Amino acid sequence: MSEVVFTRRIGWIPKVIREDGELRVELHAGADALHGPRTFSFPIGQAHLDVIRDDLARHLLLWMAVLPLCDAAGTRGALDEDAAVALLDPILLGPASEVDGFFGEKALNTTTLIAHGADIRLLERGQLVDSLHSATEEPDTHRLRTYVANHGRARRGMRLGPLDEAVLRYTGQYLNSSTRPGRHPDAVAAGLLPEVLHVIATGERASAGLSIPDGDVERLVERKHAWRRMAKAVTGAVRRAHPGLVDDTVRSVAFLMCSEASRRARESSTMTDSVEDLSEAIVLFLRRYPGSNEEAFRSQVRSDAVRDTVRSILDETMGIQIDWGDKSLSDIGHEVVAVMHERHPELSRAALQKLGNYFTYLVK
């Protein structure tokens, strides 16, 4: 039997339990064979509990130090408790300089510490304990995503200027370049918005007259060529007009222009593909029967009169009186098709066949 002695509000931070009279740190980490988190624990003393309870910075650093041991245990192995216990005094009871030195000799994943409020400047200088003086129990995922995005750019030798950041925020590409772009003027400081709009206008002028066709897989190659052609035109124009912008910013403007052009083509295709022919509307309605195709039916059959006629014909089909005898479903289907053809000679063979299948499915 175990009882929780101390825990913080965030479940992933290790807690202290008492098990059979012994104080132990318990944490969820690593992964089992089904990729679920494993639970590990190791013994501590009262002095260690006092520090864990009173010093969030030391508590977080102990967590970071133990995690590699949990990973080393694999999906089924046991935690090396001796190695975990050996971490307690240096991290929880040692002076800050020794703690910093201890971690300076190891590869440390600092992203969790950044999410919990670590001072990035001090952290990068190796002053781990001091960097966590303003740490918080609640992780700030937005702060972490911002750091990861900018750290990735810095590794590529890319430093954002104020206008770069503003354009990326406007297009929604600041934190994740693979996010679908959009226009977010509220995300930009008012003083920079006119400059941002000037950059966007450059992209609009460069993409004017170009288009990206809508279509299925058969037009995929054509779509790719059109996308690349527009992206090249936009990036070239933006680089010439705004040479101070970094590549990520320029690409975000091209991504926005291409994405919007693709959406316009898709919307235009939906409008021009409107179904007004009664036979086509019947086939469309019953295309997935007995599954529903209602959404496509409503979006493509825009005429209320056509939609009402389709439903009326379905009701009429189900009202046909059949002399069942010893007929098979196939015979019945043929009879329904013949009756509806006599009543509605304007209907196509495909529409009549759908009606026959509709009738036989419902009566079988």
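The values are calculated or read from the model by the stated rules, or taken from the named source; none is laboratory data. Bear in mind that the values here come from a model prediction, so they are computed numbers and not experimental data. Cβ atoms come from the backbone with ideal geometry, glycine included; neighbour counts cover every protein chain shown.
Would you say Gly30 is modelled with pLDDT under 95 and touching a helix residue (DSSP H, G or I) at 6+ places or on another chain (Cβ under 7 Å)? Yes: the conditions hold for Gly30.
For region 1-11, what are the residues that are within 21 Å of Glu138 (Cα to Cα) and part of a strand (DSSP E or B)? Working first, answer last.
First, the residues of region 1-11 that are within 21 Å of Glu138 (Cα to Cα): 4-11.
Matches in region 1-11: Val4, Val5, Phe6.
Can you tell me which residue among Arg53, Arg76, Arg125 is at pLDDT 95 or above and either of a type in the set (Val, Ile, Thr) or assigned by TED's automatic domain parsing to the domain that holds Leu27 (or both)?
After applying the criteria, what remains is Arg53.
Just the residues that are in a loop (DSSP other than H, G, I, E, B) and either within 15 Å of Leu163 (Cα to Cα) or touching an Asp or Glu at 6+ places or on another chain (Cβ under 7 Å) (or both), please, taken from region 179-197. Listed by number, the residues that qualify are His184, Val188, Ala189, Ala190, Gly191, Leu192. When residues in region 20-54 are screened for being farther than 17 Å from Val5 by Cβ and loosely packed, with under 13 Cβ neighbours inside 10 Å, 5 of them pass. With the requirement that a residue be farther than 17 Å from Arg287 by Cα, among the small types (Gly, Ala, Ser) and in a helix (DSSP H, G or I), what does region 297-332 give you? Listed by number, the residues that qualify are Ala305, Ser312, Ser330. If you go through region 74-114 and keep only what is crowded, with 16+ Cβ neighbours inside 10 Å, farther than 22 Å from Arg8 by Cβ and aliphatic (A, V, I, L, M), you end up with nothing. Checking Leu49, Leu27, Leu67 one by one, the residue that is touching a residue at least 40 places away in the same chain (Cβ under 8 Å) and closer than 19 Å to Ser131 by Cβ is Leu67 and no other. Restricting attention to region 153-190, the residues being over 17 Å from His242 (Cβ atoms) and surrounded by fewer than 19 Cβ atoms within 10 Å (Cβ to Cβ) number 19.
Return the only residue of Ser2, Ser41, Ser97 being of a type in the set (Ser, Thr, Tyr) and touching a Leu at 6+ places or on another chain (Cβ under 8 Å). Break it down into steps so the answer makes sense when it comes.
On the way: Ser2 fails: touching a Leu at 6+ places or on another chain (Cβ under 8 Å); Ser97 fails: touching a Leu at 6+ places or on another chain (Cβ under 8 Å).
Being of a type in the set (Ser, Thr, Tyr) and touching a Leu at 6+ places or on another chain (Cβ under 8 Å) holds for just one of Ser2, Ser41, Ser97, which is Ser41.
Within region 312-337, the set of residues being hydrophobic (A, V, I, L, M, F, W, C), without any contact (Cβ under 8 Å) to a residue 24 or more places away in the chain and within 14 Å of Ala351 (Cβ to Cβ) comprises just one member, Val337.
Taken over region 161-219, the criterion of being over 19 Å from Arg251 (Cβ atoms) and of a type in the set (Lys, Arg) is satisfied by Arg219 alone. Residue pairs whose Cβ atoms lie under 8 Å apart, separated by 6 or more positions or on different chains, with the first residue in region 94-107 and assigned by TED's automatic domain parsing to the domain that holds Leu69 and the second surrounded by 14 or more Cβ atoms within 10 Å (Cβ to Cβ) and aromatic (Phe, Trp, Tyr), are Gly94/Phe102.
Within region 227-250, the residues that satisfy the criterion of being touching a residue at least 24 places away in the same chain (Cβ under 8 Å), surrounded by 15 or more Cβ atoms within 10 Å (Cβ to Cβ) and part of a helix (DSSP H, G or I) are Trp227, Met230, Ala231, Ala233, Val234, Ala237, Val238, Ala241, Asp248, Thr249.
Restricted to region 308-340, and to residues there that are over 14 Å from Tyr358 (Cβ atoms) and of a type in the set (Gly, Ala, Ser), the residue that is surrounded by the most Cβ atoms within 10 Å (Cβ to Cβ) is Ala338.
May I ask you to verify whether Thr136 is surrounded by fewer than 18 Cβ atoms within 10 Å (Cβ to Cβ) and part of a strand (DSSP E or B)?
Values: surrounded by fewer than 18 Cβ atoms within 10 Å (Cβ to Cβ): yes; part of a strand (DSSP E or B): no.
Taking the combined requirement at face value, the residue does not satisfy it.
Residue pairs whose Cβ atoms lie under 6 Å apart, sitting 6 or more positions apart in sequence or on different chains, and linking a residue in region 295-311 that is closer than 18 Å to Glu346 by Cα to a partner that is at pLDDT below 85 and loosely packed, with under 11 Cβ neighbours inside 10 Å, do not occur here.
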